[in-house]
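Beneath this line is the structure, given in structure tokens, with notes to follow.
The values are calculated or read from the model by the stated rules, or taken from the named source; none is laboratory data. None of the values given here were measured: they were computed from a predicted structure. Cβ coordinates were reconstructed from backbone atoms using ideal geometry, including for glycine residues, and neighbour counts include every protein chain displayed. We work out accessible area using only protein heavy atoms, side chains counted, and drop any ligands, DNA or RNA first. Shrake-Rupley method; radii C 1.70, N 1.55, O 1.52, S 1.80 Å.
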Amino acid sequence: MDRLTESLIHMMAEYYAGDPKRIQHFIKVYTFADFISSEENLNGYDKFITVTAAIVHDIGIKESETKYGKSDGKLQEKEGPSLAENMLRQLNFDSPAISRVSYLVGHHHTYDNIEGMDYQILVESDFLVNMFEDNMSNDAIRSAYKLIFKTSSGKSLCRTMYSASFPQEDL
Ligand SMILES: [Fe+2]
């Protein structure tokens, strides 16, 4: 892990201080994103963007809860990008990285037009964690798998981790 990523994890943990659920969530999403990016042979820069987005992807939740008393996906997408931009600026991330990561934060609950491996891997990593944390039903897991998962690494992790959700004939 590079220094910038370490600093970002520190800053994001501070942002969610006292909220271990949120901190553990982003650490898990980050770890899956890192692993899938490696297995899918992303170049160094794309991997950097993917893991950076994974660390900050849910930054909008706290602000949504404060402002609107709820934090559905669309509100998170609305509030998240400017917060992510601020945080990345403080750590001197370069402008192209800041703009791509902010875009991903603003779209990580939008699944109808996923373009780019960074976007795809962020969404898959978040699903791999949310399937467990949100106790998704077998049907919901299978349908997310069919509709959303594209990388062979993400698909394999999903089938392996949630094998009970996949009847034998689906494997
Ligand atoms: Fe998330």
### Query
Which residues, counting only those in the range 39-58, are more than 16 Å from the ligand (Cβ to nearest atom) and either out of contact with any helix residue (DSSP H, G or I) (no Cβ under 7 Å at 6 or more places or on another chain) or among the hydrophobic types (A, V, I, L, M, F, W, C) (or both)?
Asn41, Leu42, Asn43, Gly44, Tyr45, Phe48, Ile49
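With part of a helix (DSSP H, G or I), modelled with pLDDT of 95 or more, within 17 Å of Thr50 (Cβ to Cβ) and open to solvent by 10 Å² or more (accessible area, probe 1.4 Å) as the only criterion, which of Phe127, Phe132 stands out?
Values: Phe132 fails: within 17 Å of Thr50 (Cβ to Cβ).
Only one candidate qualifies: Phe127.
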### Query
Are any of the residues in the range 64-85 surrounded by fewer than 17 Cβ atoms within 10 Å (Cβ to Cβ), aliphatic (A, V, I, L, M) and modelled with pLDDT of 95 or more?
no
#### Entry: Qualifying positions in the range 92-116 - touching a residue at least 24 places away in the same chain (Cβ under 8 Å), within 15 Å of Gly80 (Cα to Cα) and either in contact with a Cys (Cβ under 8 Å, 6 or more places away or on another chain) or open to solvent by less than 10 Å² (accessible area, probe 1.4 Å) (or both)
Val101, Leu104, Val105, His108
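Return the residues of the range 146-171 that are open to solvent by less than 30 Å² (accessible area, probe 1.4 Å) and in a helix (DSSP H, G or I); say none if nothing qualifies. Spell out the reasoning first.
We begin by selecting, within the range 146-171, every residue open to solvent by less than 30 Å² (accessible area, probe 1.4 Å); these are 148-149, 151, 153-154, 158, 162, 165-166.
Hits for the range 146-171 are Ile148, Ser153, Gly154, Cys158, Ser165.
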## Note on the structure
Checked the range 14-35 for anything near the ligand (Cβ under 10 Å from one of its atoms) and of a type in the set (A, V, I, L, M, F, W, C); matches are Phe26, Val29
### Query
Is there a residue in the range 73-84 that is free of Cβ contacts under 8 Å to residues at least 12 places away in the same chain and out of contact with any Cys (no Cβ under 8 Å at 6 or more places or on another chain)?
no
## Note on the structure
For Ile141, the lone unmet condition from (1) modelled with pLDDT under 95; (2) surrounded by 18 or more Cβ atoms within 10 Å (Cβ to Cβ); (3) more than 26 Å from Lys78 (Cβ to Cβ) is (1)
### Message
Which pairs turn up if I take residues in the range 47-65 that are closer than 17 Å to Asp34 by Cβ and among the charged types (D, E, K, R) and look for partners that are assigned to a helix (DSSP H, G or I) and open to solvent by 20 Å² or more (accessible area, probe 1.4 Å) with beta carbon separation below 8 Å, at least 6 apart in sequence or on another chain?
### Response
Lys47/Asp34; Lys47/Ser38; Asp58/Arg22
### Selection within the range 22-38 - in contact with a helix residue (DSSP H, G or I) (Cβ under 8 Å, 6 or more places away or on another chain) and of a type outside the set (Val, Ile, Thr)
Arg22, His25, Phe26, Lys28, Tyr30, Phe32, Ala33, Asp34, Phe35, Ser37, Ser38
